[in-house]
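Asker: My questions all concern the structure below.
The values are calculated or read from the model by the stated rules, or taken from the named source; none is laboratory data. Computed from a predicted structure; not experimentally measured. All Cβ positions, even for glycine, are placed from backbone atoms using ideal geometry, and neighbour counts span all protein chains on display. Quick note on the areas: whole protein, heavy atoms, side chains included, nothing else; ligands and nucleic acids left out. Shrake-Rupley method; radii C 1.70, N 1.55, O 1.52, S 1.80 Å.
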Amino acid sequence: MFELFHFTKSIFLKVVCRKFHPNSLIGKDFLSLRDFNDLEIQQFLWTAYDLKHRIKEKEEYLPILQGKSIAMIFQKRSTRTRLSIESGATILGAHPIFLSNNDIHLGVNESLKDTANVFSSLSDMIVARVYDQNFLTTLAKNASVPVINALSDHSHPLQILADFLTLQEHFGFLKDLKIAWIGDGNNILHSLLLGAPKMGMHLNYATPKGYEPDKQVVTVAMELSKQYHTKLRYFTDPKEAIKDSNVVITDTWVSMGQEDERDKRMKAFEGYQIDKHMTKLASHDWVFLHCLPRKSYEVTDEIFYSDKSLVWKEAENRKWTFMAVMLHLLKSYFPRNFKPNFTKID
Ligand code: CP
Ligand code: NVA
C-alpha cells in the first residue's frame, strides 16, 4: 500500500506537475545540458549561489529535503562526484545511498527495467555514473523518479554547472567570456559544447586529429552558437585556440575506460600540455579550470598550483551545483538572494 502511494506520488510529480507548472523542473531528468534552456541553467546557478550563501556564509540550517532518499548507482570510480552528492544531500536533510556494481543485482541477475521500477518505489531520485549514455536514457524512461547523470562516456553536465558557477563567482558574469578547451574531445567537452553557447560564452576547442568531439554534439553546438550569437571554433593547434581566451580548460587525456589506449594517447597529445609558454597567448585575465583528477603531463605544476588556477573552488562548487539540481527536480524553491547578473555590465 505504502509503495503504491509512493509510486503514484512520484508519477504525479513527474508528469502532472510539469504539465500544469511548465516552468517547474520538478520530476524532470537531468541527463544532458541539451535538455535545459538558458533560463533553466541560470536557475540552477542562481540556486547554487543562494544555497552556498545561505548555508556556508550565513550558517543557515536548511533540511528542506528531509525524508527523501537518493539512490546512487556508480559503475565507475569517483572522488568529487560521490562526495558532493553524499554531503550535499545530507546537508539538505536527504539520505544518499551509494550502490556500486558489487552491491546490487543489476547487470548480473536483474534487468535495468526491473531495477528502475524497484528504485522508483524505494527512493525519490536516482543518480547514476555509467559508461553508456543509453543506460541513462533507458533508466529514465523506466523510472518514475528523476534520474541525474553523474557522468557517462558521453557527458558530464553536473561538472559544467560547477565550472559555470566558478566562472560567475570569479568574473561576476559569464556572457562573452572566451573559453579555450585544450585536450580530448571527451564527455566534459561535450557538456561544455552544449552549455557554453546558452550562457553566451564563446568556445575555441583544440583536439589532436582523431580525438574530436562527437559530430552530433558539434552539430547541436553549432546551432546553439547561431541561436545565442556566440563563436564556436575548432583547432588542431592548441596555441591558436588559446589566443586571447579568458578561460583555459583541460581534462585527462585518458578517461575512465580508455586505460588500454594510454600509450597511443600520450603520443597523440604531445604539445597539448598547458604551460607558461602556452598561457602567455591567453588574455591577461585568464584563469585555469580542470574537472580533476589531474596528471602533470596535461598541465604543469606551475600553472595548476598558481593563483590563476580555480580548480579547488571548482571542486567545491560541485557540491552547491549538485544540491541546486537535486532541489529543483524534487521541490519548488525560490532563492532568497538576488539573481546574479550573468551579463557583463560595461
Ligand atoms: N570531476 C569529477 O567528476 O571527479 P570524480 O571522478 O572524482 O567524481
Ligand atoms: N573525462 C574524465 C572525467 C573524469 C571526471 C573521465 O571520463 O574519466
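Asker: Using Cα positions and a limit of under 17 Å, work out the aspartates and glutamates in reach of residue 280, with same-chain residues fewer than 8 apart set aside.
Answerer: 237, 240, 244, 298, 301, 302, 307
Asker: List every residue whose amide H lies under 5 Å from the amide H of residue 30, counting only residues 5 or more places away in sequence or on a different chain, with H placed 1.01 Å from N in the peptide plane.
Answerer: 147, 148, 149
Asker: Provide 105, 202, 170, 290 ordered by accessible surface of protein heavy atoms (probe 1.4 Å), highest first.
Answerer: Numbers: 105 110, 202 30, 170 90, 290 0 Å².
Ranking 105, 202, 170, 290 by accessible area, largest first, yields 105, 170, 202, 290.
Asker: Between residue 87 and residue 110, how many nm apart are label points set 7 Å from Cα along the C-beta direction?
Answerer: For residue 87 paired with residue 110, the spin-label model returns 3.0 nm.
Asker: I would also like to ask the following. Pairing the Cα long axis of helix 215-227 with the longest principal axis of the chain, what angle in degrees results, from 0 to 90 and rounded to the nearest 10?
Answerer: Result, in degrees: 80.
Asker: Could you work out the relative contact order of the stretch 207-312, using alpha carbon pairs under 8 angstrom and six or more residues apart, expressed as a whole percent? Don't skip to the end; give the middle numbers.
Answerer: Values: 106 pairs, mean separation 29.9, N = 106.
Taking the mean separation of contacting Cα pairs over the length of the stretch 207-312, I get 28 percent.
Asker: Keeping all protein chains in place, calculate the accessible area per residue for the stretch 30-101 (probe 1.4 angstrom), answer in Å². Please list the in-between numbers first.
Answerer: Numbers: 3220 Å² over 72 residues.
For the stretch 30-101, the solvent-accessible area averages 45 Å² per residue.
Asker: Tell me, what % of the accessible area of the chain is carbon and sulfur with a 1.4 angstrom probe?
Answerer: Exposed carbon and sulfur together represent 53 percent of the surface.
Asker: Order 30-39, 191-200 from most to least packed using the mean count of other Cβ atoms within 10 Å.
Answerer: Values: 30-39: 18.5, 191-200: 24.8.
With the highest mean Cβ count within 10 Å placed first, the list reads 191-200, 30-39.
Asker: Please list, in order along the stretch 95-104, the HN-Hα scalar couplings obtained from phi with the Karplus expression 6.51 cos²θ - 1.76 cosθ + 1.60 (θ = phi - 60°), rounded to whole Hz, x for Gly and Pro.
Answerer: Karplus-based 3J(HN,Hα) across the stretch 95-104 equals 10, x, 10, 8, 10, 8, 3, 7, 9, 10 Hz.
Asker: So for each of 141-148, 162-169 I average, over its residues, the number of other beta carbons within 10 Å; can you give me the resulting order with the highest mean first? If you can, show how the numbers build up before the last one.
Answerer: Numbers: 141-148: 22.5, 162-169: 24.1.
With the highest mean Cβ count within 10 Å placed first, the list reads 162-169, 141-148.
Asker: Please give me the summed charge of the neighbours of residue 150: other residues whose Cβ is under 15 Å from its Cβ, Lys and Arg +1, Asp and Glu -1.
Answerer: Values: positive: 76, 77, 80, 82, 129, 318, 319; negative: 29, 86, 132, 153.
Taking every Cβ under 15 Å from that of residue 150, the sum is +3.
Asker: Using only Cα atoms, tell me the angle between helix 2-11 and the longest principal axis of the chain; keep it within 0 to 90° and round to the nearest 10.
Answerer: 40
Asker: Output the 0 to 90 degree angle, nearest 10, between the alpha-carbon long axis of helix 157-171 and the longest principal axis computed from the alpha carbons of the chain.
Answerer: 60
Asker: Something else: Taking the Cβ of residue 317 as the centre, find all other residues whose Cβ is under 12 Å away and add up their charges (Lys, Arg: +1; Asp, Glu: -1).
Answerer: Residues close to residue 317 contribute a combined charge of +2.
Asker: With viscosity set to 0.890 mPa s and temperature to 25 °C, compute the Stokes-Einstein D of the chain, Rh being the Kirkwood radius across alpha carbon pairs; µm²/s, no decimals. Numbers along the way, then the final one.
Answerer: Numbers: Rh = 20.7 Å.
Rounded, D is 119 µm²/s.
Asker: In whole percent, what relative contact order does the chain give with Cα contacts below 8 Å and a gap of six or more residues?
Answerer: Working: 633 pairs, mean separation 72.1, N = 346.
With pairs under 8 Å counted, the relative contact order is 21 percent.
Asker: Can I ask one more? Springs between alpha-carbon atoms under 10 Å, Gaussian network over the chain: tell me which of 254, 108, 217 tops the mean-square fluctuations.
Answerer: In this elastic network of the chain, the residue with the biggest mean-square fluctuation among 254, 108, 217 is 108.
Asker: Can you work out the PRE-style zone for residue 243? Point 7 Å along Cα to Cβ, and I want the residues of the stretch 254-296 with backbone N under 16 Å.
Answerer: 278-284
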